[in-house]
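Engineer: Please read through the structure below; I'll follow up with questions.
The values are calculated or read from the model by the stated rules, or taken from the named source; none is laboratory data. If you're wondering where the values come from, they're calculated on a predicted model, not measured in any experiment. In this analysis, Cβ positions are derived from the backbone assuming ideal geometry, glycine residues included, and neighbour counts consider all displayed protein chains.
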Ligand SMILES: NC(=O)c1ccc[n+]([C@@H]2O[C@H](COP(=O)([O-])OP(=O)(O)OC[C@H]3O[C@@H](n4cnc5c(N)ncnc54)[C@H](O)[C@@H]3O)[C@@H](O)[C@H]2O)c1
Ligand SMILES: NC(=O)c1ccc[n+]([C@@H]2O[C@H](COP(=O)([O-])OP(=O)(O)OC[C@H]3O[C@@H](n4cnc5c(N)ncnc54)[C@H](O)[C@@H]3O)[C@@H](O)[C@H]2O)c1
Ligand SMILES: NC(=O)c1ccc[n+]([C@@H]2O[C@H](COP(=O)([O-])OP(=O)(O)OC[C@H]3O[C@@H](n4cnc5c(N)ncnc54)[C@H](O)[C@@H]3O)[C@@H](O)[C@H]2O)c1
Ligand SMILES: NC(=O)c1ccc[n+]([C@@H]2O[C@H](COP(=O)([O-])OP(=O)(O)OC[C@H]3O[C@@H](n4cnc5c(N)ncnc54)[C@H](O)[C@@H]3O)[C@@H](O)[C@H]2O)c1
C-alpha cells in the first residue's frame, strides 16, 4: 500500500483524498488543515486523520473540539508520498519541508512549472516523467487541453490549436470572487500562459490560447479550434474521442445544454459531489471544415485533475506503466460515463 | 410495501423516487417521462421502470433506444399511490386520470391548494389531513416557513411573522430562466401569496411575505422576522430550533457563508446530489430584540419537500402517526446534520 | 429633409430615433409603440409623435393618458422611409404593409436576409446596395465582425477568420432571460450562423464562428483569430485599426478591464445611455503569431447597429457616397472616442 | 461662488463634481486622482483641473501625458471646502490634512461616524448640523432609509421599522467583487449596522436591519416593513410619499420591473450616467396591513448620495435653510421623475 498524505484539504485536496482512498493500492494516512472550518469535520467523517498544517494552530483546533493527530512534520514522517493541495504559491514554500523529510511530492497546477522535476498529465506526458522525484499535475484547463490534443496529435497531427478559454470566475464556495456581470479578458494579452503550460506536457504542439473570466461557478468552457495536418471526417474525430477514457462525449438530444445539466447528470448517476472527472465534449459541436476541427468542451475545474493526481502518485511510487495506472484509477473511481 | 408511482421524473420527481426507494416500507414501481432526455437514462440506471407519460410518445423512446414498461395508465394500475411531480398546473390536469384509476395522489406545491383534499407539511399540518384521499405538499418556500413557524407558535406564540423571500431565479439546470443582473419584485405587490399558502397548513398564524427573484440557482434565502407573544432569549430560541429534526443550525465560524458552501458541505458529508432536506438557519443570525425574533434561513428548493412527500405518502396509506412517519423517513434518508 | 418613421420603439428603435433626430438631413416624423409602457412617456419627452403600432390599441393608450397621433398606416403615409425595429420575425410580417404603402424600409438583423433586397453594413457592404429598395442592417455581432474583417481583408487578405462569440444572455431590461450561472453553447453546433451572416455583406471572407451565451447583460465579447495572407506586425495592425472610425482601440493601462468599465467610460464622456457605437478592441490583446492575428473585442449590442441604420437610410434615400454618409453620421453623433 | 475641491475622483467623486458644477452658487476648482486611469481623461474632458492625490505621483501622470495642476495641498489652498470621496477609511486618514489647511470637509458614508462633527442627510438631519465644521453624508443605504422614514415618522409615527437590505455585490466597474451565484448574509449577524447608522441622522427611530449581498451590480433593493403608530390607508401613504421630492414612485403598469428597466428609463429621460438620485419605490408594493406598512424600494448606490453632498456643502458654507438648499439642488440637477 502506498501511504499518502494530503497537505491542504480544500477543494482539490478533499477530492484527491477521496480518490486515493478509493484505490486498491493506496491509503490516506492523513490530511492537513490550517483551521477548524467545516472541512475539518468532513475529513473526520471521512475517516481521515487530521493534522494541523501550521504548528502553532493545534490549540485552535482543540478549542473548536477537533482533535488533531499531529502537525505536518508528523504526517510527512508517516507517509511515502505527499500531495500538496495548498493555494497557488504555497506549494513552492512547502517544497523545502518535503525535501527535508525526503518525501516525494505531487504539486498542483497553481505552482510554477519549476516547483517539480516535471509537469504531468496522464494522457499527455511521456514516460520520461517516471524518473522524476516530484511532479506537478498541470492545471484544470491544461489537463483538459492535454487530454484532447494528445490523441489528435497522434492520429491526425496538429498544425496549430487555437483555444478560447471561458473560465469560471470562482468555485461555488468562493463568494468573494467576481465578476458579477462582466466577461473579463484575463489576461488581457493574447496568447495567454495556458498554451505554454500545455507545452510543459506536450512540448511539440503549437497552441495559442486566449482567456476570459466569466460570472459562472460550475465549469470552464473551451471553444476549441484545431487545424489538423490531415482532414478527417467529423465522424472519425468523434469515434477517436469516444475511444478516450477521460473524454465524455455528451450525447445529442439528451437535454444536456450546459454546466448545470452536466453536473445534475453527474449527481444523478451517483458521482460524489456531482464530479465530472472527464472532459465534457458536446458531440453536436464536433465539426470539421477543411482541416479545421471545431468543438466545445466543458471542464469541471474542481474534478478533472483528481484522477491525474492518482496517476502522478503511481508514477512516482511504482513501476506500473501509464496505461496500467490509468486503468486502475478509472476502474476504482468509475470513470467513463 | 406501499407501491408508489412517480408521474413526472424531473427535479422533484427523481428525488422523490430515490427517497421512496430508500424507505423500508415503500417501493418504486415506476416513473414516467415525457421524452427520452438524460433523466430517462438515469431512471433506468437507478433501477426504476420507465413509463411514457404521454401515450403516443412510446415510439420516440424506442427510437432513442430507451425501452418503456408501458404508459401512465399502466403505471397507475400497478401502484397503491401516485406522486405527481409534473410542472405547475399539469397536476391539476392529471387529477381526473388519477381519480378514474381510483389512485390516491400526492401533488406538489406548484398546484393550487384546491387540487387536493388538503395541503400538507409534516411539521405543520394537523392530524385532520389523515382523512384526505389526496394531499398537496406545499411549495419549497412554504415548507421552509411552516417548519420554522410551527415550533415558534407552539412555544412562544406568534403575534406576526414578516418574511422577505429572496428566491432563486431558476434551478441549476434551467438555463432559460433569469434574471441575469437584477433583483425583481415578484410579485411586485406585497404581501405575496406565500403567506396565505402557509395558512393552508397553519391556518392561525399571521404572516406577511414579500418576494423577490434573484440571479442565483442554488437556494432561496429567507430574511425572517417574527414578533413573538413572549420574549425569549436568543439562546432559548436556538435551543428550541436545534431540537427540530428538519432544521439545521449552521455552526458558527465553520466557514459556511452561503449556498455554495452549504451545498459543498452537504456533498462532503455524502448527501446524494448535495441535497439539503433541512432548512439551513444561520445560528449567528438568530437574534431577539424585544419580542422581535430575526434570523436568516436558506432553503434548498430542490430538496426540502422531498421528505415531506414521503410523509404525505404514509399519511394517505398507513395509520402511522406523524411522529412515527417522520422518524422513519429521517432515519432512512439520514436527515439531521 | 428625409422624413423617417420608426416602427417599434424598443431597445434599438429608440436609439435609432435619437440618432436620426441628430442628423442634419433627417427628421423623425413619428415612432410606434404597441402599448403605453415607459417608452411611450420617453418618446413624448423626446418630442416624437407617437403612433399605435396595432390599430385597435388606440384606446389602451388613451386610457393610460397617452395621446397618439394615429396608427401605423398614418405614419407610413407621412414618411419617406420606415425603419422597422420590431422583434425578430415581426419585420417580415410588416413587409407587405410597407410595400402596400410604397414605403422603402430598413430592417434589423433579427430578420432573415431574405426580408430585404440586400444586407447592409456601412463599412463592409459594396456599393451595389445603393440599388436596393429595402435593406437589412445586419445584427450587432455581424456588424462588429464586418467592421473588423473588412479592413483586414483589404490590407492583408484574410485566409480564414475563426471567432468565438461570447454573447450576452439578455439586454439589461430583459429580466426574463437567462442563463443565470451557465455558459451555454448556442447553437450547440459549430460553425454558428454568424459566419454565413457576415457573408451577406462580405461574401468572400472565409469565417467560422462558434457561439456561446453567458450570464451578462452589458456587451458581447468576441475572441477573434484571423489567419492573414501576409504577416504584419502587431503594431501595424494596431495602426490600421486605429484608422477606422468605428473601431475604438481601448487604451492600455487605463483601467478599462471589461464591459462595466467601458460603459462607465462612455457615460463619463457624455454618451447618451452610455452607448458605445464603436467596436471596443483591447489594444493589449492585439497580437500576431506567424500569420495568426488575435484580439478581443467587445460589442455593445444595443448600440453598434445604430449608426449603420442611419447610413442605411441614406443609402436608400440619397446619392451620397458611403464615405460621405459615414462622415455625416459620425460627425452628428460624435463617433470616435 | 463656493469654491469646491473633490478629493478622490471615483464612482462618487465624479458624480459629486458634476453635481457641484451644475449648481449656480458653486464651482469645481479641481479634483484629485491617484493614477492616470480613464477617470483622468474624463476629468479633463469635463473641464476640471486635475491634481495628483499623492505627491510623488506627479511624474506618473506626466509620463502618461496627463498634465496636473498641482497636488492635494495646492488644491486645498485654493478651495473653500473639500468633498472627500476616497475609499472607506482613507477619509479618516485625510482628516488631519484638511484640518491643517483649515478646510471644512464633507466625508462619505464609508467612514465611521466619528470622522466628522455630524452625520448628514438633507431630509432626515435636524438643523443642529448647521453648527458643524465637517459633515459625513451617510451611506447610500442609510440615505435611502432616512428619506423614507423621516416623513413616515413625522406623519404617522414609527413604532418600529424592519428592513431587509439586498445589497448589490459590487458596482458595475468592480470586476473583482462577488458573489457570482450566491446570496450572502453580510453581516451574518442581525441586526446589521445599517439601523444604528440611520440613528446617526434620525436618532429616535427604532429600526432593525438585516443585510444580504447579491450578485447584481446596478442597485440595492430594500424590502421595507414599518409598523406605524397609526393605520393610514395605502393610498394615503402613497400620496405622502409622492409629495417627497427625492422619492420616485415607480408608475404601475409601465414595465419598470427591476433595476435594469429603471436605469434604462433614467437614461431615456436624459439622466447623466442613467443616474437615479431618488429612492425608487414600487407603487404597487405599497401596502398597509393593520399598522404594518410594506414596500419595496430600489436605491442607486452610485447616485442617491450625490444631491446630499451638494446640500452638505451648503450646510457648511451658507446660511440657506435646508429647504432652500434642497430646492436649489433639485432644480439644478433636475431631480423629480
Ligand atoms: N479549484 C480549482 O479550480 C483548481 C483546479 C485545478 C488546480 N487547482 C490548484 O490546486 C491548488 C489548490 O487549490 P484549491 O482550489 O483546492 O484551493 P482551496 O483554497 O480550496 O484549498 C487550499 C487548502 O489549503 C489550505 N492551506 C492554506 N495554506 C496552507 C498551508 N500553508 N499548509 C497547508 N494547507 C494550507 C487551505 O486552508 C485550504 O483548505 C492550487 O494550486 C490551485 O491552483 C485548483
Ligand atoms: N424545482 C423546484 O424548486 C420545486 C420546489 C418545490 C416544488 N416544486 C413543484 O414541483 C413540481 C415539479 O417541479 P419540478 O421543478 O420538478 O419541474 P421539472 O420541470 O424539473 O420536472 C417536471 C417533470 O415532469 C415532466 N412532465 C411534463 N409534463 C408531463 C406530463 N403531462 N406527464 C408527466 N410528466 C410530465 C417533465 O418532462 C419533467 O421531467 C411543480 O409543481 C413545482 O412547482 C418545484
Ligand atoms: N437588442 C439587441 O441586442 C439587438 C441588437 C441588434 C439588432 N437587434 C434586432 O433589432 C430588432 C429589435 O430588437 P430590440 O432588441 O429593439 O427589441 P425590443 O423588444 O427591445 O423592441 C421591439 C419593440 O417593438 C415593439 N413591437 C412588438 N411588436 C410590434 C409590432 N407588431 N409593431 C410595432 N412594434 C412592435 C415592442 O413593443 C418593442 O417596443 C430585432 O430584429 C433584433 O434582432 C437587437
Ligand atoms: N460606490 C458606492 O456604492 C458608494 C455609495 C455611497 C457611498 N460610498 C462611499 O463613498 C466613498 C468613495 O467610494 P467610491 O465607490 O466612489 O470608491 P471608488 O473606489 O470608486 O473611488 C475612490 C477614488 O478615490 C481614489 N483614491 C484612493 N486613495 C486616495 C487618496 N489617498 N487620495 C485621493 N484619492 C484616493 C481612487 O483612486 C478612486 O478614484 C467611500 O467612503 C464609500 O463608502 C460609495
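Engineer: Regarding region A:298-305, can at least one residue be identified that is away from chain B (no Cβ under 14 Å) and more than 28 Å from residue A:164 (Cβ to Cβ)? So that I can check it myself, show each step before the final result.
Structural biologist: Of the residues in region A:298-305, the ones away from chain B (no Cβ under 14 Å) are A:299, A:304-305.
Remaining after also requiring more than 28 Å from residue A:164 (Cβ to Cβ): none.
The answer is no; no qualifying residue exists.
Engineer: Those residues that are at the interface with chain C (Cβ under 10 Å from one of its Cβ atoms) and touching a strand residue (DSSP E or B) at 6+ places or on another chain (Cβ under 8 Å), I need them from region D:217-270; list them, please.
Structural biologist: Answer for region D:217-270, where residues must be at the interface with chain C (Cβ under 10 Å from one of its Cβ atoms) and touching a strand residue (DSSP E or B) at 6+ places or on another chain (Cβ under 8 Å): D:217, D:218, D:250, D:256, D:257, D:258, D:259, D:262.
Engineer: Could I ask something else about it? Of the residues A:70, A:65, A:89, A:47, which is within 14 Å of chain B (Cβ to nearest Cβ), over 25 Å from residue A:332 (Cα atoms) and more than 16 Å from ligand 2 (Cβ to nearest atom)?
Structural biologist: A:65
Engineer: Still on this structure, I have one more. Could you go through region C:321-331 and let me know if any residue there is within 15 Å of ligand 3 (Cβ to nearest atom), crowded, with 19+ Cβ neighbours inside 10 Å, at pLDDT 95 or above and under 14 Å from residue C:245 (Cα atoms). Step through it out loud before you land on a result.
Structural biologist: From region C:321-331, those within 15 Å of ligand 3 (Cβ to nearest atom) are none; that's our starting set.
Taking every residue of region C:321-331 in turn, none turns out to be within 15 Å of ligand 3 (Cβ to nearest atom), crowded, with 19+ Cβ neighbours inside 10 Å, at pLDDT 95 or above and under 14 Å from residue C:245 (Cα atoms).
For (1) free of Cβ contacts under 8 Å to residues at least 12 places away in the same chain; (2) over 16 Å from residue C:198 (Cα atoms); (3) surrounded by fewer than 24 Cβ atoms within 10 Å (Cβ to Cβ), each residue gets a yes or a no:
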| residue | (1), (2), (3) |
| --- | --- |
| C:92 | no, yes, yes |
| C:110 | no, no, yes |
| C:113 | no, no, yes |
| C:124 | no, no, no |
| C:134 | no, yes, yes |
| C:144 | no, no, no |
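Engineer: Quick one: in region C:1-15, which of the residues that are more than 6 Å from ligand 3 (Cβ to nearest atom) and within 13 Å of chain D (Cβ to nearest Cβ) is nearest to residue C:77 (Cα to Cα)? Before the answer, list the steps.
Structural biologist: Keep residues of region C:1-15 that are more than 6 Å from ligand 3 (Cβ to nearest atom), which gives C:1-6, C:14-15.
Narrowing the set further to residues that are within 13 Å of chain D (Cβ to nearest Cβ) leaves C:14-15.
Working: C:14: 21, C:15: 23 Å.
Looking at residues that are more than 6 Å from ligand 3 (Cβ to nearest atom) and within 13 Å of chain D (Cβ to nearest Cβ), I get C:14.
Engineer: Kindly provide the set of residues from region D:195-205 that are buried (at least 17 other Cβ atoms within 10 Å of the Cβ) and within 13 Å of chain B (Cβ to nearest Cβ), ordered by number.
Structural biologist: D:195
Engineer: Looking at region A:278-293, which of the residues that are out of contact with any helix residue (DSSP H, G or I) (no Cβ under 7 Å at 6 or more places or on another chain) and within 13 Å of chain C (Cβ to nearest Cβ) is nearest to ligand 1 (Cβ to nearest atom)? Step through it out loud before you land on a result.
Structural biologist: Narrowing region A:278-293 to residues out of contact with any helix residue (DSSP H, G or I) (no Cβ under 7 Å at 6 or more places or on another chain): A:278, A:282, A:284-285, A:289-292.
Now drop any that are not within 13 Å of chain C (Cβ to nearest Cβ), which leaves A:282, A:284-285, A:289-292.
Working: A:282: 21, A:284: 27, A:285: 23, A:289: 32, A:290: 34, A:291: 32, A:292: 29 Å.
Checking each candidate, the answer is A:282.
Engineer: Further question: Looking only at region D:29-40, decide whether some residue is away from ligand 3 (no atom under 16 Å from the Cβ), surrounded by fewer than 16 Cβ atoms within 10 Å (Cβ to Cβ) and assigned to a helix (DSSP H, G or I).
Structural biologist: Taking every residue of region D:29-40 in turn, none turns out to be away from ligand 3 (no atom under 16 Å from the Cβ), surrounded by fewer than 16 Cβ atoms within 10 Å (Cβ to Cβ) and assigned to a helix (DSSP H, G or I).
Engineer: Kindly evaluate residue D:84 against the criterion of being within 14 Å of ligand 4 (Cβ to nearest atom), within 27 Å of residue D:170 (Cβ to Cβ) and more than 13 Å from every other protein chain (Cβ to nearest Cβ).
Structural biologist: Judged against the criteria, residue D:84 is a match.
Engineer: Mind listing whichever residues of region D:164-181 are free of Cβ contacts under 8 Å to residues at least 12 places away in the same chain and either surrounded by 21 or more Cβ atoms within 10 Å (Cβ to Cβ) or more than 11 Å from chain C (Cβ to nearest Cβ) (or both)?
Structural biologist: D:175
Engineer: Ok, one more. List the helices (runs of 4 or more DSSP H) that sit entirely inside region B:216-325 and contain at least 3 residues that are within 22 Å of residue B:123 (Cβ to Cβ) and touching a residue at least 40 places away in the same chain (Cβ under 8 Å).
Structural biologist: B:234-242, B:305-317
Engineer: Given the condition touching a strand residue (DSSP E or B) at 6+ places or on another chain (Cβ under 9 Å), away from ligand 1 (no atom under 16 Å from the Cβ), closer than 16 Å to residue C:245 by Cβ and not assigned by TED's automatic domain parsing to the domain that holds residue C:231, answer yes or no: does some residue in region C:149-159 qualify?
Structural biologist: The answer is no; no qualifying residue exists.
Engineer: Could you tell me whether region D:78-88 includes any residue that is surrounded by fewer than 19 Cβ atoms within 10 Å (Cβ to Cβ), part of a strand (DSSP E or B) and in the same structural domain as residue D:311 (by TED's automatic domain parsing)?
Structural biologist: No; the residues of region D:78-88 include none that is surrounded by fewer than 19 Cβ atoms within 10 Å (Cβ to Cβ), part of a strand (DSSP E or B) and in the same structural domain as residue D:311 (by TED's automatic domain parsing).
Engineer: Among the candidates A:150, A:130, A:161, single out the residue that is surrounded by fewer than 23 Cβ atoms within 10 Å (Cβ to Cβ) and either in contact with a helix residue (DSSP H, G or I) (Cβ under 8 Å, 6 or more places away or on another chain) or under 24 Å from residue A:95 (Cα atoms) (or both).
Structural biologist: It is A:130.
Engineer: In region C:114-206, which strands (runs of 3 or more DSSP E) lie fully inside it and hold 2 or more residues that are closer than 26 Å to residue A:208 by Cβ?
Structural biologist: By residue number, C:158-168.
Engineer: Test of understanding: among A:218, A:210, A:231, A:188, which residue is within 24 Å of residue A:12 (Cβ to Cβ), at pLDDT 95 or above and outside the structural domain of residue A:326 (by TED's automatic domain parsing)?
Structural biologist: Within the list A:218, A:210, A:231, A:188, the selection yields A:218.
Engineer: Hey, among the residues in region A:70-90 that are free of Cβ contacts under 8 Å to residues at least 60 places away in the same chain and farther than 16 Å from residue A:57 by Cβ, which one's nearest to ligand 3 (Cβ to nearest atom)?
Structural biologist: Within region A:70-90, the first condition is being free of Cβ contacts under 8 Å to residues at least 60 places away in the same chain, and the residues that meet it are A:70-71, A:73-74, A:77, A:88-89.
Those left that are additionally farther than 16 Å from residue A:57 by Cβ: A:77, A:88-89.
Details: A:77: 62, A:88: 38, A:89: 42 Å.
In this case the residue turns out to be A:88.
Engineer: Out of the residues in region C:20-44 that are touching a residue at least 40 places away in the same chain (Cβ under 8 Å) and away from chain D (no Cβ under 14 Å), which is nearest to the chain's Cα centre (by Cα)?
Structural biologist: Looking at residues that are touching a residue at least 40 places away in the same chain (Cβ under 8 Å) and away from chain D (no Cβ under 14 Å), I get C:20.
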